Structures are given as structure tokens and as C-alpha cells.
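Heads up, the thing below is written out as C-alpha cells.
The values are calculated or read from the model by the stated rules, or taken from the named source; none is laboratory data. Only a predicted model underlies this, so the values are computations on that prediction, with no experimental measurement involved. All Cβ positions, glycine included, derive from the backbone under ideal geometry; neighbour counts span all protein chains shown. Note: accessible area is taken over every heavy atom of the protein model, side chains too, but ligands, DNA and RNA are not part of it. Shrake-Rupley method; radii C 1.70, N 1.55, O 1.52, S 1.80 Å.
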Amino acid sequence: MNTFSNAFRAEVVRMARKELKPELQGMRKAITSHRSEIAALKRELKTVTSQLKTTQRQLKVADTTKVETPKISSKQLQFEFNAELLEKMRAALGITRTDFATLLGASALSVSKWTSGGVQPRAAQLAKIEAVLRMGPQKALKTLQKLKEA
């Protein structure tokens, strides 16, 4: 009896697999197409996200370039960025670009690019540069010394 029941069970399993095989193949094809669609959508999402970030960066740059240097009353110096003036001020103080960067709270590379005229500083840095140019050599050197000690 065991042999018959084992044979019957095996036949039922075989018939069930035979019946399910076409349905499973259709499902497998659907799963494969869904996976490829998901991959394509992920690639598209990545591209659109990248474009969005690029656009946001461009908008930030456009906003910072639209910011004009503030007009200051006649009692104060009207400040426009000048790379040569910045380099002359640094040379007059007798300090290195690294020390000048410390005084301005910026990196030495940024100061180098500003003094060479390759890059314009941002609005926040323009305010710091203006403040340093106004403080005079003695006060600038004292401030630099305090910053180095700290």
C-alpha cells in the first residue's frame, strides 16, 4: 500500500506542476518586465534628481551674483572688489597669503584665487575683506596675532 500511495502522491505533484507551469512562466515574464521598468524608472529618477541639483546650484550662483555691494554713505569708503588692491594690501602688511586668509577667515586657496583675479569673492567674504581693508595695517596685524594665538 505504501508503494501505491507514494506513486499516487508523486503523480499528483507532477500533474500539479504541469498545470502550474504555464501560469508561472507568465508570472516570471511579468516579473522580469516589471524589474526592467523599475530599473529604467530608477535611472530616470537619478537623472532628474541630478538635473534638479544642478539647477538649484545655478540659481544659488545667480542669486549671489545679483547681490550688489552695498552703497555706503559719503562718510564711509565705497567698496568695490579689486584684486590688485587686495594684493597690495597684503603686501603692505608684509604677510603671506596664508596669514591673510587667516585674517579674512577664508582658505589660502581662496585668497590666492581672489588676489590673482581669477575668482570674485562671495558677498559674505566681500564684507570681511572690506572690514580688513578699513581696519588699517596696525589693527590688522594685531588681529592676525590674536587669531594665531587662539
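Which links in LYS88/LYS148; LYS53/LYS148; LYS60/LYS113; LYS46/LYS128 stretch past 27 Å when you go from one Cα to the other?
LYS53/LYS148; LYS46/LYS128
In a Gaussian network model over the chain where Cα atoms closer than 10 Å are linked, find which of GLU44, GLU87, GLU23 has the largest mean-square fluctuation.
It is GLU23.
On full extension of the chain, what length is gained from PHE4 through SER116, given 0.36 nm per residue of separation minus the C-alpha to C-alpha distance?
30.8 nm
Hey, can you find the accessible area per residue of the chain for me, probe 1.4 Å, expressed in square angstrom?
Ligands and nucleic acids excluded, the figure is 80 Å² per residue.
Could you work out how much longer the chain between LYS53 and ALA16 gets when fully extended? Use 0.36 nm per residue separation minus the Cα distance between them, nm to one decimal.
Contour length minus the Cα-Cα distance gives 7.9 nm.
Sorting check: for 3-11, 114-122, 97-105, which peptide has the highest mean count of neighbouring beta carbons within 10 Å, and how do the rest follow?
97-105, 114-122, 3-11
How high is the relative contact order of the chain? Use alpha-carbon pairs under 8 Å, at least six apart in sequence, and give a whole percent.
Relative contact order, the chain: 17 percent.
Rounded to the nearest percent, how much of the accessible area of the stretch 95-150 (1.4 Å probe, protein heavy atoms only) is carbon and sulfur?
That fraction is 55 percent.
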